[in-house]
Amino acid sequence: MKKLLSFVLVLTMLFCMIPAFTSSAAYIQDEIPGFIGTGYKWDRLCEFNIDFNGGYYNANSGATAGTVQANALGIANGFSGGILTIRVYHPANQVLDATFNTYIGVIYYNGLGVSPTFYYLGDLMTVIYNSIEKDNAELTAMTLEGLADFTPNEFASGIIAAGILTGATYTYTAKWTEAAPKQYTLTFDTNGGAMPAGYSSTYTFMDDQKLADVIGGFPVPTKSGCVFKGWKRGTSSDLWSDGWGTQPYTWGQDVTVTAQWEEEVVAPSECENHSFANGVCTVCGAAMQTSYTVGDYTYTYATANKLGAPAGWNVVVTDTTKTSYGAINGNLHGIPVTILSKTYAGCSKMTSAPAIPTTVKVLYNTYKGTALTSTPSIPASVVTVYGAFKDCKSLTTVTNIPANVTDMSFAFTNCAKLASVPALPAGVTSLWRAFANCTSLKSAPVIPVSVNNMVEAFDGCSALAGKVNLATNNNKRAYRGTAVTEVEISADVTHFALSCFKTNTAIQNVYYGGAATAWNDITYEGYNTKIINAHVRTDVKAAEPTVEVKNGRTYICDLDTDNLRDVFIGKGRAVAYRGVVMNKVVGFTAARINGVSVYTYGAKIGAGNYTLCARYNDGTTRLYYFTVA
C-alpha cells in the first residue's frame with residue numbers, strides 16, 4: 001500500500017557526537033530517557049503528534065528504514081487512539097545540521113517514552129508512515145497543519161521549508177483515498193463438457209453476493225457418454241449437484257468450480273440387456289460373444305481361468321492412463337465376473353479403485369504397478385490374491401485380507417512403503433514372496449500353521465525386527481536380510497533351507513515347540529549360522545540332561561538351570577567334581593548358559609566316555625555320564 005524509504009539508525013554515532021555544552025535558551029532542554037543522570041542536555045527542536053485519521057498502526061507491516069523496524073518500536077499492533085508523539089531532539093548548543101544527520105526522534109506513547117533507543121528522525125517517521133493502514137483505503141500523504149502535503153521522500157525538505165524547528169508542537173494528519181470495492185471472478189471449468197445455452201463460463205462477484213443472484217439458475221453442462229454429478233470447488237468438500245441454495249461469495253479470491261462426471265454404462269446393442277444361457281440370449285436369440293466393452297472395461301469370458309477361478313468374465317481396463325475408473329459390473333448378461341486378472345496392471349497414475357464385485361474368486365496381478373495408497377476392501381468371496389498389489393510402491397495400508405484366502409503368493413512384493421499388515425487368514429497356505437522387499441515393514445504377522453510355502457516370504461524386509469515365527473520346512477530365504485532377533489519354531493519344522501535366517505542382526509532367542517533333543521536333529525543348509533548360535537528354549541523337558549555331538553557341534557540339552565552355578569565336562573567317568581576338573585574338556589558359567597534348554601558349544605569333542613558336572617548355588621553337585629561315538 002505504501003512504498004518504504006530507507007534511512008540509517010545510528011545510536012552508536014550519537015554517543016560519539018554528544019558534547020558537554022551548557023544549556024541553550026533557544027529551545028526546551030530535556031534529559032531524555034537513556035541519558036537521565038548523565039549530565040547530557042538536549043534541545044527539543046519540535047514535537048509532532050500523529051493523527052491516524054481513522055487508521056491504525058500495523059506492527060507487522062514489515063516496514064523498515066535504516067535499522068528501524070515497525071515491530072520493534074513498542075507501539076501496540078492495531079493502535080488507533082490516544083496520542084502518539086515524536087519529540088525531535090538535537091545535542092544542546094550544536095549548530096543545526098540541514099541534512100538532519102544529527103536529529104533524533106524519541107517516541108512518547110500514551111504519555112510515556114516506550115523505548116530508550118533513539119532514532120534518526122527521518123528513519124523513525126518513515127517507518128511509522130509506512131505502517132499506518134486503513135481498511136479499504138490507501139495513505140496518499142501526511143498533512144502538516146494546513147501546509148503543503150508531503151510524502152516520506154520529501155520529509156527533510158518539507159520540515160526545513162516550513163521553518164518549524166522552533167520548539168513548538170505540530171500535528172500530522174493522515175490523508176486517505178478510499179479503495180474501490182474488491183471484485184472476484186468465478187470460473188466454470190466444464191472438464192470436457194459444454195455449458196448450457198444462456199450461461200457464461202465466468203461471472204464477477206463482490207463480497208457476500210449470493211451465487212444465485214448473479215448466475216441465476218443452476219447450469220447443467222453436457223458431455224457425451226457421461227452423467228453430470230455436480231460442480232466441485234478445487235480440492236474442497238464443496239459440491240453443488242442440484243442448485244446454489246443461499247451460498248454467498250465469501251472466499252475472498254478468484255475461484256474455479258469444475259464439473260464432475262461419471263461415465264454412462266451402455267448395454268450391448270441387440271437388446272437392452274442380454275441374458276445368456278448355453279451361449280444364446282434368452283431375450284433376443286443373439287449368440288454370446290466372448291468379449292464385450294462396457295464403460296471403462298473389456299469383459300472377456302473363459303470356461304477355465306487362471307489359478308482355478310471358475311468359468312466367468314475377466315475384466316481389463318481399455319485405457320491405462322487414467323487416475324480412476326468406473327464401477328465393474330459383477331454380473332454381465334447373467335454371467336458373473338469370477339477373476340480380475342491384470343485388470344489395472346500398468347495403470348501407473350491410478351490412485352483410487354472401484355469396489356471389487358462380490359462374485360470375484362481370484363485376484364491375479366490385479367493392481368500391479370498402480371499408485372494406490374490403500375487397498376480396496378476385498379470381498380469374502382476371494383480365495384486367491386496372487387500378485388494382487390505387487391509393485392504398488394505408494395501402498396501404505398492393507399484394508400483387509402478375507403478369511404477364505406489361501407494363496408497370497410507375491411501379494412505385496414516390492415510395496416516399499418507398506419509398514420504393517422493385518423492378521424493373516426487361518427487357512428492360508430502359500431506366502432511365496434508375499435512381502436518380499438517391503439522395506440518399510442516393521443513387524444511380521446503371525447504365520448498360521450496351515451502355511452506350507454514360505455519361500456522368500458519376507459526376503460529383503462530390512463526394517464523387519466523383533467519376533468517372528470516359522471511353520472514349514474519350505475522356507476528358503478524366508479527371513480533373509482531382516483533384522484529379527486527372536487524366532488518361534490514349530491515342532492513340525494525339521495529343516496532350515498538355504499539362507500532362511502541369513503539375517504542382518506544376531507538372533508538372540510529361539511522358542512522351539514519340540515523337545516530339546518529334537519532340536520539337535522534339525523538339518524541346515526548354508527547361511528543359517530545366526531539361528532544355529534541362538535539360545536534355544538523349549539517347554540518340553542526331559543527328566544535327565546543329555547549331551548550330543550552332531551555336525552561338528554556339542555549340544556547340552558535339558559540341563560536344570562535353576563540356581564545353577566557352573567558346568568564342566570571332563571574325560572572319563574568321575575565320581576566327584578575334582579575328578580571332572582582334573583580331566584576338564586570345557587566349562588561354562590551359569591551366565592553363559594543363560595537358562596536355555598539347548599546350549600550349543602561350537603566345537604566337537606572327541607569319541608569316548610565323559611562326565612558332565614553341574615554345580616548349584618545351594619552347594620549341591622550333580623554328575624551325568626555320556627558317551628561320544
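Relative to the present Cα-Cα distance, how much length would full extension add between Arg565 and Tyr601 at 0.36 nm per residue of separation?
Numbers: separation 36, 0.36 × 36 = 12.96 nm, distance 1.78 nm.
Stretched out fully, the Arg565 to Tyr601 stretch lengthens by 11.2 nm.
Give me the net charge for the shell around Gly526: Cβ to Cβ below 13 angstrom, other residues only, Lys and Arg +1, Asp and Glu -1.
On the way: positive: Lys476, Arg477, Arg480, Lys502, Lys530; negative: Glu525.
Taking every other residue near Gly526 into account, the sum is +4.
Based on the Cβ-Cβ distance of Val581 and Arg553, what FRET efficiency does E = 1/(1 + (r/R0)^6) give at R0 = 25 Å, to the nearest 0.05?
On the way: r = 23 Å, r/R0 = 0.92.
For R0 = 25 Å, the calculated efficiency reads 0.60.
Can you tell me, using C-alpha contacts under 8 Å and at least 6 residues apart, the relative contact order of the stretch 321-470 as a whole percent? Before the final figure, lay out each step's value.
Numbers: 450 pairs, mean separation 22.8, N = 150.
About 15 percent, as a whole number.
Kindly list the residues of the stretch 561-577 that lie in the label zone of Leu623, defined by a backbone N under 20 Å from the point 7 Å along the Cα-to-C-beta vector.
What the label zone holds, given the 20 Å backbone N cut-off, is 565-577.
Pairs of lysines 8 or more apart, or on different chains, with alpha carbons under 22 Å: count those in the stretch 403-555, would you?
Count of close lysine pairs: 15.
Run the accessible area of the stretch 467-602 with a 1.4 Å probe and give the carbon-and-sulfur part as a rounded percent. Write out the running numbers ahead of the final one.
On the way: 2850 of 6100 Å².
Ligands and nucleic acids excluded, carbon and sulfur reach 47 percent.
FRET efficiency for Asp319 and Asp189, Cβ-Cβ distance as r, R0 = 25 Å, nearest 0.05?
Values: r = 22 Å, r/R0 = 0.86.
The value I calculate is 0.70.
If you take every residue apart from Tyr325 with its C-beta less than 12 Å away from the C-beta of Tyr325, what net charge results, scoring Lys and Arg +1 and Asp and Glu -1? Mind dumping the intermediate values first?
Details: positive: Lys322, Lys349; negative: Glu262, Glu263, Asp296, Asp319.
Result for the local shell: -2.
Place the peptides 511-522, 562-573, 601-612 in order of packing, highest mean first, counting for every residue the other Cβ atoms within 10 Å and averaging per peptide. Numbers along the way, then the final one.
Details: 511-522: 18.4, 562-573: 16.7, 601-612: 14.4.
The packing order, highest mean first, is 511-522, 562-573, 601-612.
What nm distance separates the two modelled labels at Ala355 and His495, each placed 7 Å from Cα along Cα→Cβ?
4.7
Just how far, in whole angstrom, is the stretch 512-542 from the stretch 409-465 if you go by their alpha carbon centroids?
Cα centres, the stretch 409-465 to the stretch 512-542: 23 Å.
Could you go through the stretch 355-364 in sequence order and give the Karplus-derived ³J(HN,Hα) for each residue, using 6.51 cos²θ - 1.76 cosθ + 1.60 with θ = phi - 60°, rounded to whole Hz, and x for Gly and Pro?
Those phi angles translate into 5, 7, x, 6, 8, 6, 9, 10, 10, 10 Hz.
Please give the length that would be gained between Thr298 and Lys393 if that part of the chain were fully extended, namely 0.36 nm times their separation in residues minus their C-alpha to C-alpha distance (nm, one decimal).
Details: separation 95, 0.36 × 95 = 34.20 nm, distance 2.62 nm.
Gain on extension, Thr298 to Lys393, equals 31.6 nm.
Could you give the length gained by full extension between Tyr199 and Ala542, i.e. 0.36 nm per residue of separation minus their alpha carbon distance, to one decimal place?
114.5 nm
With a sphere of radius 15 Å drawn around the Cβ of Tyr249, what net charge do the other residues whose Cβ falls strictly inside it have (Lys, Arg +1; Asp, Glu -1)?
Numbers: positive: Lys182, Lys210, Arg233; negative: Asp207, Asp208, Asp213, Asp238, Asp254.
Charge balance near Tyr249 sits at -2.
Give me the one-decimal nm value for the distance between modelled label points at Asn594 and Ser443, 7 Å along each residue's Cα-to-Cβ direction.
Here the modelled spin labels are 2.3 nm apart.
Considering only protein heavy atoms, what per residue accessible area in square angstrom results for the stretch 310-402 with a 1.4 angstrom probe? Write out the running numbers ahead of the final one.
Numbers: 3240 Å² over 93 residues.
Spelled out: the 1.4 Å probe surface of the stretch 310-402, per residue, equals 35 Å².
The values are calculated or read from the model by the stated rules, or taken from the named source; none is laboratory data. These figures come from a predicted structure and were not determined experimentally. Quick reminder, even Gly has a Cβ in these numbers, built from the backbone with ideal geometry, and neighbours come from all protein chains shown. With ligands, DNA and RNA removed, areas are computed over all heavy atoms of the protein, side chains included. Shrake-Rupley method; radii C 1.70, N 1.55, O 1.52, S 1.80 Å.
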